[in-house]
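Below you'll find the structure, written out as structure tokens, and then a few comments.
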Amino acid sequence: MLLDYCCRCCGTTLIKRHGHLPINSKLNDTWVVLQNLLMCMVCFYSLYYIVVSLCIGILKVEEVDCLLAPFDYTTQPSWHNPKYLVSVISTEVTYVLGGLIFAWIVEEWVWDYAITITLLHVGLTVAVMADFPSTEHWWIALGSGLAMMIFGGQLLAYRLFRNNFVHPEDLQNF
């Protein structure tokens, strides 16, 4: 999202379909980037709460607080702890499916928006929990989820929007 915004504002082209942007389109491009970010954020957290609810129902866990589930990093890591399983499974499934959804929203920029949404998620986690997450298992789950989101989303975006991608031979004339 950040790189997308900077490229649109400066008028630089990294993607073939954008072309050179005139100065008066900077406000419109800013609006498009913010609109994409909002759609990605809403999709990410909607998907997160749907997956958490499904995991709670499937694993029959009652002690999970649904509203705080995406932000709760305080659960003790154990494969025998159903609350931890809900947390890990919902995080990973959300990131995998989120990458696929992001591919339809932002096309080629999945990696950029995935990193931005993850940074916003970390910021919201700090705000909601009033503490910085220092547990390794939370960061590992977040990092592996982000990697799967980027790879899965970029692969789908490439398959769907193959004609819009910049190929290495096109970069020589850049």
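We did not get these values from a lab; they are worked out from the coordinates using the rules stated. Bear in mind the structure is a predicted one, so any value in this text is a computation, not a measurement. Heads up, the Cβs are rebuilt from the backbone with ideal geometry, glycines too, and the neighbour counts pull from every protein chain shown.
Within 15 Å, Cβ to Cβ, of T118, how many net charges do the neighbouring residues add up to if Lys/Arg are +1 and Asp/Glu are -1?
In short, -2.
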Between region 76-133 and region 39-68, what is the C-alpha centre distance in whole Å?
11 Å
Efficiency of FRET from Cβ geometry, N163 and W139, R₀ 41 Å, rounded to 0.05
0.65
Which of the GluC sites (Glu not before Pro) across region 52-123 are loop residues per DSSP, with 11 or fewer other Cβ within 10 Å?
E62, E63
What ³J(HN,Hα) values, in whole Hz, does the Karplus curve 6.51 cos²θ - 1.76 cosθ + 1.60 give for region 71-83 when θ = phi - 60°, with x put for Gly and Pro?
10, 7, 10, 8, 5, 5, x, 7, 6, 8, 8, x, 5
Qualifying trypsin sites (Lys or Arg not before Pro) in region 60-164, DSSP loop, other Cβ atoms within 10 Å at most 13:
K60
